[in-house]
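Notes follow once the structure below has been shown.
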Amino acid sequence: MMFDLIRTYQLDIMLVLCGACAILTVLLLFTRFLSNTRKRILIFMELIALFLLWFDRLAYIYAGDLSLQGYIWVRVSNFMVFLLTSTVVLGFSLYLMDLLRDEGQLKVLPKRLYFTAWASVFGMVLSVIAVPTKLYYYFDEANLYHRGPGFLIAYVLPVLCPILQYTVIRQYRKRFSRLIYASLSLYIFVPIVCGILQVFTYGLSIVNMAMVAVSLSLYIFMYLDLNNRMEHAHRIELQSMHTLFDQTATAFVQAIEKKDDFTRGNALKTAQYAKKIAELAGKSGEECEKVYYAALLHDVGLIGIPDDVIKDDADPDKFDFEAIRKKPEIGAEILSSIAEYPYLAQGAHYSHERYNGTGYPEGLKGEAIPEIARIIAVADAYVTMTSKKRYREAHPDFEAREAFVKGAGESFDPVFAELMVKLIDSKNTGAISDTGAVLEEELTCFTYRDNHSAGIPVTSDYLKLSFTCEKKIDPSLPFSAPSIVLFDAYDGRVHDNKKAIKSYHYREYGEIWFDKYSVTTAARRIEETILKTGKKDKNQSFEILAGRFEDHLRLVMRSPELEKEVIVALPGNSNTAYIALTGENCRIKSITVEPVGKSVLPGEIRRLVERVSYIEHMESDLPNVQVDRPRSACSKGIELGNRLMIEFHTMSLPGADLVWHCPYVVIYSSADGQVGGEGYREYALVKLNGENEVAGDYAENRFHMKHKEDFPGWDGWKDANHKGMDCTLAIEKKDVKIVLKTENLGISIENTTILREKPAKIYVALTGDEVALTDIRVDGN
């Protein structure tokens, strides 16, 4: 069917292809992006294709024409077809040679190409010999073309030579672009396939038409390849400009930061966090880049602040603040000269505005502040809080987190403040005890406790702490021994100055030596049992096995002189416990910590004192729950029907001092109805201080929080939680939609959960962080 269609419109197809070749030839004459050699070769190939098909068309037109004109043209045209078929092979060999010299950077060309070139010349000679010998074809009395006895010989070279040419193309394929390689492969194989078909389709010139088509494709693919190269070059140019801009901006910022050693690197950190916030907010890559550079340069106004203000070791006074308040305007003025990027000046000018209108320089409020500046304000506040200043130490992450929770909708855009909280949580896995402190390998102590290691957390999984100790590094001093400090601190470090003790909530439980002595401070009780004794040795190996169950620690301390068991009763189950190495007149070396692979079992640690309980109160529908650490305990699951009302009393534990030390509500499903049970899937986690944490895998949550007029402020909120208060939760379910509403101490919360699945049963449970939940009453249907 297809061949019949081609046979019907063959002459028209040939005419169209000829016209296309002629147009490309003219275009090549005016093309400037090609070398002269490449241009001449392509023109040569297009002309060959043009005349090949033109003469082939004439052969069909004059076939059977008995006039003198017909007699002449049918012979000339058939001769030219056979002659130009070999010439096509020559043209392609020349094209390949030029490609390999130019793009392939070959100095010595493969001999196969020279062979195919000379073979094509030989083919042209054979086409001349074939005229008198009638080797390829002959004509009868009706002036009609017939295949001669050696007809197939005419197709040997046009088939074998391209195969040889392809071996060269294949060998050097990595030197060509994909498009050029594709065009070369098409040029080889399309005519070969058509040549095979030609043997069985007499009266059609599909080979010649195919040759013209692939000749046209050479130019098209070459143009597409050039377009790709230009785009690639443009991308490289843009990347180079981007790199140059990045390096210039970074160098400029680093030069400015040399004015104050305490701000060195802060601009880069601010830019990185601002970009992460923008990414979490769903901004495009281009928008995130704008945020990054605006944040990187937002503090360039520092260059106009006097050095005596920047390097003042005292807390900033009102005169310092007046000078510092000029920084945004100075920065905006500097960056306004970069007219191509107006967002840079925007970031510098408005990043010190505050969401409630209390910022500077213009006192803008809410969304009147440019979005890019609202993002930078959050990132800059985080870096500022967690960086050391001349007049204060760095604040820990948990303090920064609390500042964003408190400041959402006040100082900071609530959306971007919430994203910053999530970044802090992902960085610290949400636990204050996750300090990231790096344990030293060696520690030298001259006077007692003049040096301490980083804190090593003691958990319910046993760990082994090992080290060696070189005693009496100063022989003139009489005493020499290592010891440990048991403590709790938000940064996992031992502190001895009042500011740090208050800031990091440092609490020391006691000091224990590797002999018979210990000192009890905040621990409720420390009890030691000598297991065995040994001989003294100057260079000794020491080992501590440490584990915890609830509010009791068990330490087995081994040295050559002594092995003893130490039981420590902590103030409460919510307290974290760290071990820090220290000593006097000794050098502690080869410090290692490794897990033992064993957990502390219930009853394994002898209890010294009764567990501190804050839930020995009246129980209602559900047992009371004491949550000592983040989500360490939870109520029984309550099956959710259409409506559910939960009322309960909450009280923060004595050690609670952060706004998220409060009750949480979990909406979930599991096979046994319990949190963490088989097949557990969590749909929502709502904290009554106005936070929500949603994984997003199984449900979508729309969270709305509002401070009402009776909100007592965050200090009032914490005080009320410590004293205890009653809470009410109202939950409604309709199909896959769950709406939770609650209002407590002026914090109004509404969370809508849209399930992405339909579990058989949905449950609600209460949990929290450092909180006692009592008198839990349930009403629902």
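The values are calculated or read from the model by the stated rules, or taken from the named source; none is laboratory data. As the structure is a computational prediction, the values presented were derived from the model and not from experiment. In this analysis, Cβ positions are derived from the backbone assuming ideal geometry, glycine residues included, and neighbour counts consider all displayed protein chains. Just so you know, the surface numbers come from the protein's heavy atoms only, side chains and all, with ligands and any DNA or RNA stripped out. Shrake-Rupley method; radii C 1.70, N 1.55, O 1.52, S 1.80 Å.
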Conditions first: (1) charged (D, E, K, R); (2) open to solvent by less than 70 Å² (accessible area, probe 1.4 Å); (3) out of contact with any Ser or Thr (no Cβ under 9 Å at 6 or more places or on another chain). ASP769 passes all but one, so which condition is the exception?
(3)
Can you find, within the range 233-278, the residue that is least open to solvent (accessible area, probe 1.4 Å) among those that are among the small types (Gly, Ala, Ser) and more than 26 Å from LYS422 (Cα to Cα)?
ALA249
Scan of the range 365-386 for residues that are among the acidic types (Asp, Glu) and open to solvent by 30 Å² or more (accessible area, probe 1.4 Å), ordered by number:
GLU367, GLU371
Name every residue in the range 589-624 that is open to solvent by 70 Å² or more (accessible area, probe 1.4 Å), in contact (Cβ under 8 Å) with a residue 24 or more places away in the chain, acidic (Asp, Glu) and closer than 23 Å to ARG554 by Cα, in order of residue number.
GLU594
When you look at LEU644, is it outside any loop (DSSP other than H, G, I, E, B) and either open to solvent by 60 Å² or more (accessible area, probe 1.4 Å) or free of Cβ contacts under 8 Å to residues at least 24 places away in the same chain (or both), yes or no?
no
Of all residues in the range 91-111, which are surrounded by 17 or more Cβ atoms within 10 Å (Cβ to Cβ) and either in contact with a Pro (Cβ under 6 Å, 6 or more places away or on another chain) or charged (D, E, K, R) (or both)?
ASP98
Pick from the range 402-418 the residues that are within 22 Å of the chain's Cα centre (by Cα) and under 21 Å from HIS661 (Cα atoms): which of them is surrounded by the fewest Cβ atoms within 10 Å (Cβ to Cβ)?
GLU418
Check on TYR166, surrounded by 14 or more Cβ atoms within 10 Å (Cβ to Cβ), at pLDDT below 90, of a type in the set (Phe, Trp, Tyr) and not in a strand (DSSP E or B)
yes
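Residues to consider are LEU50, LEU24, LEU15; find the one that is part of a helix (DSSP H, G or I) and surrounded by fewer than 21 Cβ atoms within 10 Å (Cβ to Cβ).
The conditions single out LEU15.
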For TYR506, state whether it is without any contact (Cβ under 8 Å) to a residue 24 or more places away in the chain, in contact with a strand residue (DSSP E or B) (Cβ under 9 Å, 6 or more places away or on another chain) and surrounded by 13 or more Cβ atoms within 10 Å (Cβ to Cβ).
yes
Inspect all residues belonging to the range 296-304 and state whether any of them is closer than 20 Å to LEU419 by Cα and either modelled with pLDDT of 90 or more or among the charged types (D, E, K, R) (or both).
yes
Given the conditions (1) touching a His at 6+ places or on another chain (Cβ under 9 Å); (2) at pLDDT 95 or above, which single one is not true for ARG606?
(2)
Checking SER483 against (1) over 28 Å from ARG392 (Cβ atoms); (2) of a type in the set (S, T, N, Q); (3) open to solvent by 50 Å² or more (accessible area, probe 1.4 Å), only one condition comes out false. Which one?
(3)
Would a scan of the range 713-726 turn up a residue that is closer than 15 Å to VAL665 by Cα, open to solvent by 30 Å² or more (accessible area, probe 1.4 Å) and modelled with pLDDT of 90 or more?
yes
In the range 559-582, residues that are surrounded by 20 or more Cβ atoms within 10 Å (Cβ to Cβ), more than 42 Å from the chain's Cα centre (by Cα) and either under 21 Å from TYR506 (Cα atoms) or of a type outside the set (A, V, I, L, M, F, W, C) (or both) total 4
In the range 148-160, how many residues are without any contact (Cβ under 8 Å) to a residue 24 or more places away in the chain and under 16 Å from PHE79 (Cβ atoms)?
3
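Out of curiosity, is VAL212 open to solvent by 20 Å² or more (accessible area, probe 1.4 Å) and modelled with pLDDT under 80? Don't jump to the end; show me each part of the working.
Working: open to solvent by 20 Å² or more (accessible area, probe 1.4 Å): no; modelled with pLDDT under 80: yes.
Spelling it out, it is not the case that VAL212 is open to solvent by 20 Å² or more (accessible area, probe 1.4 Å) and modelled with pLDDT under 80.
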Return the residues of the range 609-626 that are among the β-branched types (Val, Ile, Thr) and at pLDDT 95 or above; say none if nothing qualifies.
VAL625
Residues in the range 694-705: is at least one touching a residue at least 24 places away in the same chain (Cβ under 8 Å), touching a Gly at 6+ places or on another chain (Cβ under 8 Å) and open to solvent by 20 Å² or more (accessible area, probe 1.4 Å)?
yes
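Per-residue answers, yes or no, for (1) of a type outside the set (A, V, I, L, M); (2) in contact with a Lys or Arg (Cβ under 9 Å, 6 or more places away or on another chain); (3) under 28 Å from SER77 (Cα atoms):
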{"position": "PRO110", "(1), (2), (3)": "yes, no, no"}
{"position": "SER120", "(1), (2), (3)": "yes, no, yes"}
{"position": "TYR138", "(1), (2), (3)": "yes, yes, yes"}
{"position": "ILE180", "(1), (2), (3)": "no, no, no"}
Is it true that some residue in the range 515-527 is open to solvent by 50 Å² or more (accessible area, probe 1.4 Å), more than 44 Å from the chain's Cα centre (by Cα), among the basic types (Lys, Arg) and under 19 Å from ALA577 (Cβ atoms)?
yes
With the range 368-474 as the region, which helices (runs of 4 or more DSSP H) entirely inside it contain at least 1 residues that are at pLDDT below 85?
397-407, 414-428
Under 7 Å between Cβ atoms, which residue pairs at least 6 apart in sequence (or on different chains) link something in the range 39-68 that is free of Cβ contacts under 8 Å to residues at least 60 places away in the same chain with a partner that is of a type in the set (Ser, Thr, Tyr)?
LYS39/THR31; ILE41/TYR95; ILE43/THR25; LEU47/THR25; PHE55/SER77; LEU58/SER77
Total residues in the range 218-240, condition under 25 Å from the mean Cα position of the chain (by Cα) and aliphatic (A, V, I, L, M)
2
Within the bounds of the range 675-691, is there any residue that is β-branched (Val, Ile, Thr), within 25 Å of GLY572 (Cβ to Cβ) and open to solvent by less than 50 Å² (accessible area, probe 1.4 Å)?
yes
Of the residues in the range 631-671, those that are of a type outside the set (Lys, Arg), closer than 25 Å to LEU755 by Cβ and touching a Phe, Trp or Tyr at 6+ places or on another chain (Cβ under 9 Å) number 13
Answer yes or no as to whether ALA546 is part of a loop (DSSP other than H, G, I, E, B), touching a Leu at 6+ places or on another chain (Cβ under 7 Å) and either closer than 23 Å to SER590 by Cα or touching a residue at least 24 places away in the same chain (Cβ under 8 Å) (or both).
no
